[in-house]
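J.: Before we start, here is the structure in question, set down as structure tokens.
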Amino acid sequence: RAGGSQPLGRPAALALRLCVVALFCVSWVATEGAEDPSSMSVKQLKEALKGYGLACKACSDKREFVDMLLKARATQGHECKASKDCTAGCDLCSAPSSQEHAVCSAISFCTWAPQKTEKTP
């Protein structure tokens with residue numbers, strides 16, 4: 001074979017197929033009922049962002065609104081919090097700029113965790 005690649009063995013090929021199916025199912029469930037942002041009008045995108053308490057005043061084209069809505073959907077239900085062993089700079093974790101998974105994960109003393117919802121009696 002070119003490049004020295006070896007064909008996958010039967011168990012590895014099956015495992016790979018199962019992983020692909022699982023990823024597809026997880027992404028489908030996560031977005032079920034959510035309209036595809038790229039098919040929405042800018043007005044609809046603005047309304048959807050309002051539902052997350054967001055507005056994009058600096059957005060100049062539709063793609064920026066789409067990206068912002070996708071990020072909002074991806075972070076829904078999670079927040080960046082200071083880990084229990086944090087001793088200094090802990091307030092950085094709760095800053096708005098840290099409320100994206102990639103940013104939060106890059107800060108060693110912060111953790112990305114599900115938001116606690118208040119239960120009503």
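The values are calculated or read from the model by the stated rules, or taken from the named source; none is laboratory data. Keep in mind that this is a model prediction, so the values were computed, not measured. Every residue, glycine as well, gets a Cβ built from its backbone with ideal geometry; the counts of neighbours run over all protein chains shown. Just so you know, the surface numbers come from the protein's heavy atoms only, side chains and all, with ligands and any DNA or RNA stripped out. Shrake-Rupley method; radii C 1.70, N 1.55, O 1.52, S 1.80 Å.
J.: Using the beta-carbon distance between Cys56 and Cys90 and R0 = 30 Å, what value does 1/(1 + (r/R0)^6) give for FRET efficiency, to the nearest 0.05? Don't skip to the end; give the middle numbers.
T.: Values: r = 29 Å, r/R0 = 0.97.
It comes to 0.55.
J.: Now a separate question. So how exposed is Ser97, as accessible area in Å² (1.4 Å probe, rounded to 10)?
T.: 80 Å²
J.: Between Phe109 and Ser38, how many nm apart are label points set 7 Å from Cα along the C-beta direction?
T.: Going by the 7 Å Cα→Cβ label model, 4.1 nm.
J.: Amide H to amide H under 5 Å from His78: which residues, 5+ apart in sequence or cross-chain, H placed 1.01 Å off N in plane?
T.: Gln115
J.: For Glu79, Glu64, give the ranking by accessible area with the largest first, probe 1.4 Å.
T.: Of Glu79, Glu64, the descending order of accessible area is Glu64, Glu79.
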